[in-house]
Structure formats: C-alpha cells, structure tokens
1. What's the ranking of B:283-291, A:27-35, B:172-180 by average number of surrounding C-beta atoms within 10 Å, highest first?
2. Spelling out what I want: for every residue of the stretch A:208-225, take phi, set θ = phi - 60°, compute 6.51 cos²θ - 1.76 cosθ + 1.60 (Karplus), and round to whole Hz; glycine and proline get x.
3. On average, how many beta carbons from a partner chain sit within 10 Å of the beta carbon of a residue in B:356-365?
4. Applying 1/(1 + (r/R0)^6) with R0 = 60 Å to the Cβ-Cβ distance of B:VAL426 and B:SER151, what FRET efficiency is obtained, to the nearest 0.05?
5. Of all beta bridges DSSP finds with both residues in chain A, what is the antiparallel percent, to the nearest 5?
6. Taking only the alpha carbons of the stretch A:65-264, what extent do you get along each of the three principal axes, in Å, biggest first?
7. Karplus couplings for the stretch B:169-179 from phi (6.51 cos²θ - 1.76 cosθ + 1.60, θ = phi - 60°), rounded to Hz, Gly and Pro as x?
8. For the stretch B:1-139, what is the relative contact order in percent, using Cα pairs closer than 8 Å and at least 6 residues apart in sequence?
Amino acid sequence: MTTISTSTSAFYERSSMDIADLRSRAEGLQADLSRGQRIARSSDDPVGASRLRQLQRADSLSQIDIANAAKASTNLQLTDSALGTFADYVIRIQELTAQAANGTLTDAGRASLGAEIGQIRGNMIQLANSRDVEGGALFGGQSAGDAYTLDAAGNATYAGTSTAGDLPLGDGQNVTRGLTGPEFLNFPVGSAQPDLLAALKALSDGLQAGGATAIQAARDGLAALSQSMDQITTAQTVVGTRLAWVDLTTERRTNLTEMRSAEETDVGGTDIASTVARLQETMTVLEASQASFTKLASLSLFSLLN
Amino acid sequence: MASDLLSIGRSGAQAARIALDVTAQNIANASTDGYVRRSAKLAEVSSSGGIGTIGDVSLSGVRLDSVVRNADLFRQAEVRRTGADAARADAEVAGLENIQAAVEQSNVYNAMVGFEASLQQLVGDPTSSSLRANVIEDARTMVGTFNIASSALDAVGTGLRFEATDAITQVNTLSGELARVNLRLARAADASSDQTALLDQRDSLLQQLSAFTDVSTTINADSTVELRLGGASGPLMVQGGASGTLSMTTAGDGTITFAVSGMAASPVAASLTGGSLAGKAQALTKLAAIHTQLDALAQTLANTVNTAQGNGITPANTAGQPIFAGGPPITAASLTLALANGAGLATAPAGAGANSRDAGNLNAMRTALGQADPVGGMDALLFDISGTVQGRTVTRDALRTIANGALVSLQAQAGVDLDQEAVNLVRFQQAFQASGKVMQTAKDIFDTLLAIR
C-alpha cells in the first residue's frame, strides 16, 4: 500500500527542479529588463543578432559618409565663393575693357587700364591657386601642388589633373568634390578652348602696347570676356546643383539612420511592458510554488503518529 | 499435532523485528544517493501432512524469505540512457557556448568594420597622414582581434581536451570499481543484505558511468554486469572481474577519438554517442570547423588587401608593399601587420605621380574587399556558431527534461517514501506486540495445564 504515490526524495527533487527553473526564468527576464537589450549573446537570437551586426556596420560606415559629405559640402562652398569672386573680377575687367575700347582715350590712358587688368589677372591667378579644406589645390584636381604655374614671361599654365575626383556619399552615391581650373577658365570659341588667363594677358599686353592694335585688342577682349562670363556662371550652376545633391543624400542618410535605429530597437530592444508582465507572472507562480512546497514538506505522518 | 504455539509466536516476533529493522534502514537512507528501498518478504512455514497424517495441522510460523530490492531494471536503464544523452548535450552546449564567446567577445567583427570604415574615410583625403595612421592603427587592432580570437579558440580546445582526459580517468576508475563489484557479487549469497548493498553499488556505478559515456549493459544470472561502451555493438569494457582501459587520441586539428584496450587482443575504436565525452568530441569537431573558417577569413582579407595594395603607388611614388603578413600560410594566429607607417599605403593608381590625391587604387581595394566580403563572412561565421548554440540549447533542454523525468520516475518507484515507512513502523510494531501476545497466550495455556491437579 502506498499512502502518497511518490517517494520522499522524488518529491524534494521535483520541487527543487521546478523552483530552480522558475527562478532562473525570473532572473533571465530581470536581466533583459536591466540591460534594455533582449540579446546578450548571439545565440539568444541568431537571426536578430546577425541583423543587429549588419545594422551597426551600416551605422558606422554611415558616420564616415556624414564626414565625407560635410567635407564635399565645404569644398563646394569654397568653390562657389571663389567663382563669385571670379565673376566680380571679370565684370570689373569688362568695364575697364569697355573704357579702353573707346577711341577718344589716349594711349597712356589705355596703357594704365591695361596695367590695371594685368593686376586683376594676378589676383585671379592667386585665387585659382587657393587651397581647399584638406590643404590641396582647390582648382588643381588631384594634384598636390598649385593649380597654375607662372613662367618668366608671366604665362599661366595649368599643372593639375584633368578631373577633380569623387567623394563617396554612401549607398554607391558619389559627388565630384570640386572643379578643375580649365573647367571654368577655358571658354569655347568655335571649336577652340582658349584660356581666360591667357586671353587677359593678351588684352593687358595689347592695351599697354598702344596704337590701333590696342583698340582692336580691347574689342577682341570684350567678346572673349562675355564668353568667359557665361562659362563661369555655368560653373556656378554646376556647383550649386552638386551642393543640392549633397543635401539630398544627407537628408536620405538621416532618414535611413532613423529607420536603422528604429529597427535596432525592434530587433534587439526589450519590450518593457510585456517583459514586466511576464516577470510578474513568473514571480507569482514562484511564490505560489514556494508556499505550497513549504506546506507539503511540513506534512509528515511522523508528527501525527504518537 | 506438530504445531508449537510458542515457537510460532517467536518466529512472528522475529519476523516483525526484521521488518522493523528494514523499515528503520529505509528511513535512515531516505536521502542516500543510489539507495533502493528494501522490503522484507516473509513466507509461511508449514508442512503438508505425510502418509497417514492427512488433515493433520502442522504450522510452524513465519520466516524471512528475502530482502527485496524494489529496483526496476527498465527504469534504471532509462535513467542511464537519458542521463547519457543529457550529459552529452550539456557538454556540447557548454563547449559551443565557449566557442561562441571566443569569436564574439574577441570583437573581431567590430574591428573588421572599423578597418573598412577607416579605409572609406581615407577616400575623403587620401594624402592626410592622420587618416593614413588611422587606417594602420585600425588594421593593427583587427590583426590583434584575429590573434585573440584564434588563441581563445585554442584555449577552448585545450580546456575541452583537458576535461575529456579527466573524464576518461574517471571512466577507467569506475570501470575498475565495477569489475571488483562484479567479483564480489559472484560470491555473495542470494538475497543477503550483502548482495543488496552490492547491487546498489553496481547500479550507482553504472549511473555514474553513464554521465561520461553511453553504456550498454547485460545483467547476468549471477547479477554481475557486462558493460559495452557506445551502444550494444561497441567494444567490451567490463566483463566479470576484468575491465578495459579507455584512451583518447587527439588528431592534428584538435578533434578526439576514443579506443578501448585490454579486453581484446588489439585496441578497439569506440564511437561514443552519449555522455559528456561524446559531447566534448562533438564540440571539438565544431571548433575545428570554426577555426578553419576563421583562418580562411583572415587569409582572404590579407590576400585581397595585399593584392590591391601591390597594384598602386604610395605618395612617395613607390610600389605598394603588403600591409599584412604571416605564415605562410596566413592564418588567424599567424596574421601580422607588415606595414608600420601610414605613408606606405598605396592609395593612388600606378602612374598618378608623387603626392597624388587620386584615390583610384584605394577605391579598387575597397571594391575588391566588397567583393571578397570578409566582413560578411565573419557575420556568417558568427551566425553559424550562434545558430548551432541555439539549436543545441533547445535539444539540451528537451533532453534534460526527459532525463529529469526518468530520474524522478525511478526515484518515485525505488526511493523511500517516509509516510509509507511511518505506516510500516506502526504496522510491524503492532505485529510484534501481537506475536508477544501469542507467546503470552502459549504461556497461559501451559500454566493452565500445569495447574490441573
């Protein structure tokens, strides 16, 4: 005859296993809450952990994209303001050339106008050789030195590379980081691409030479300056478009970052409400089983038999 | 009439005393590990009538037939089998978790992303010496984490093999003990308390053995046990008073195999499928696979970067020298940083000239890295190991529940129930008192006869 259908040691064994199991469940839930993260080790949720790794990789690469975009934006703004100054110079030279084209002006007057144009040309060469935020030539493409070099006779020669180079903005998008000198200083005349700096030297020299050739030089110069002005304005439009493109990708990147952090929370974060509810449930069951264990364990036939 | 009331009463009192002793023994051993509840089996002593005495009353009381050990062989075998499975899963999961920690906590994935990011940052200003130094330092960190991951994996392997060696010593000790118990069992008298104690010891040894390896047992008529390792067709480990020696062989890649020597002319290979030894062997096999993958990743990364580096030129207009070195072959452990200075990074394509800010070759390197995708490979490796851990944990929990169930069910049947023993105490005490009363009655009857005058 068996009075209770189980042995004493089996009862204690089973109770201790159940209570230990409940306790470890409660501790796991508590750890989830205090960490704020559902995934402590990859094996807690391999798919989620892998997704988190990819999101964090995208995040850290995106940080670099932000820095690159800021760099590209600064360089393009530097280019834009330099182009504005170039346009001012060209307008000033146009005024001077228009005065010089006037037949009533004396040779000496023209020569002084020519000298002033020569000075302005010197300023323009210095501006063309200005530096970008990284210390490289702003209009020299990918070369390290000055964009334009001057020979003994005062002729300016382009010394940079043919392209300015691209900066990655993330997701396979690029932006060209600036302009090379020839892209806005060379202007089209028919099929030829004369250089504004060379044209200005010819104008300045021609005006200082005096005589009938000086008036002709001034008239030729006016035509060239008008062409060059068009070229510079076009270049400003190009730079403005690129700046807008950088802004667009920045906005897109911000949106993507928001989406990524939302997904990170979804995949790896602890759902506080449901976790607290489950913790409370586990605690209730644990308390109940502890109480019932104490009651059952104190129930011994020995204490009743006298 | 051959009955003797006094001796019947004496035998009853004696039997009740023995039953009380057995009950007391049960109570005393209620929480002893491996103790199986005993009960006294009593038998009537009487003789049937012979020729001419048919119908004669011939009662001689009661005697102790045997002390019964309430062990269920099937439940015991179940406890051993499920226990071996659970121990295997436990050991495997523990090993796999260590492997996961070795790869994950070395942070090699984050370091690889860091290197990738610093290369991308260098595109922004290829001639910047600080960005170049950043690339070199991130490469150094990555090399360090590869080395750490590799040595951590090696440490996990060493630990697993050390534990396996210890388990093998235990198996050999327990087997030797079992052989000695076999010898004594063959000599013990049937149903004696000596035999029951030896049987307890035998079953306890078998249960301890099943934690290390799966055992297949055959119980002989004389209660001795024949033990085979790794299933019914596995090599013989214990037979009668002889026991074999289990040994372990470590292969070049760190995996282990087992063999039993001493029972046959030559050592017999044992393929263990249960117990902690099998679990450790499985974990070591996975470890070898993970280590190979890690080495392959390190090699891919180093070769891809070095090849791209060799195609370009440094700012000093010299051909790029390898960034990584090691071996040969390049493994996660042998990987080193060969380039000490950021000035040696070949960012510009060949022919770009000195100090060129052209990032052509750097972009080619990043494209090549993107195609070989060692970072994605590392993610896949981490996913592989963590997925394995998760799957095995589910199996482990299921096997543990089954093993616990089997253990509780064995204990419910073979263990001591104190309430029942309390009832037995009362019952046998009453039986003892009743037998005493029988003797009192016999005396009274005798006195009555003597008093006739």
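1. Per-residue mean Cβ counts within 10 Å order the peptides as B:283-291, B:172-180, A:27-35.
2. Coupling constants for the stretch A:208-225: 6, 5, x, x, 5, 4, 5, 5, 4, 4, 5, 5, 4, x, 4, 4, 4, 5 Hz.
3. Other-chain Cβ atoms within 10 Å of each residue's Cβ, averaged: 4.
4. 0.35
5. That works out to approximately 100 percent antiparallel.
6. If we take the Cα atoms of the stretch A:65-264, the spans are 78, 30, 28 Å.
7. 4, 4, 4, 5, 4, 4, 5, x, 4, 4, 4
8. 20
Since every read-out is calculated from the coordinates, none of them should be taken as a lab result. Treat the numbers as computed from the prediction; the structure is a model and nothing was measured. Reconstructed Cβ throughout: ideal geometry from the backbone, glycine too, with neighbour counts over all protein chains shown.
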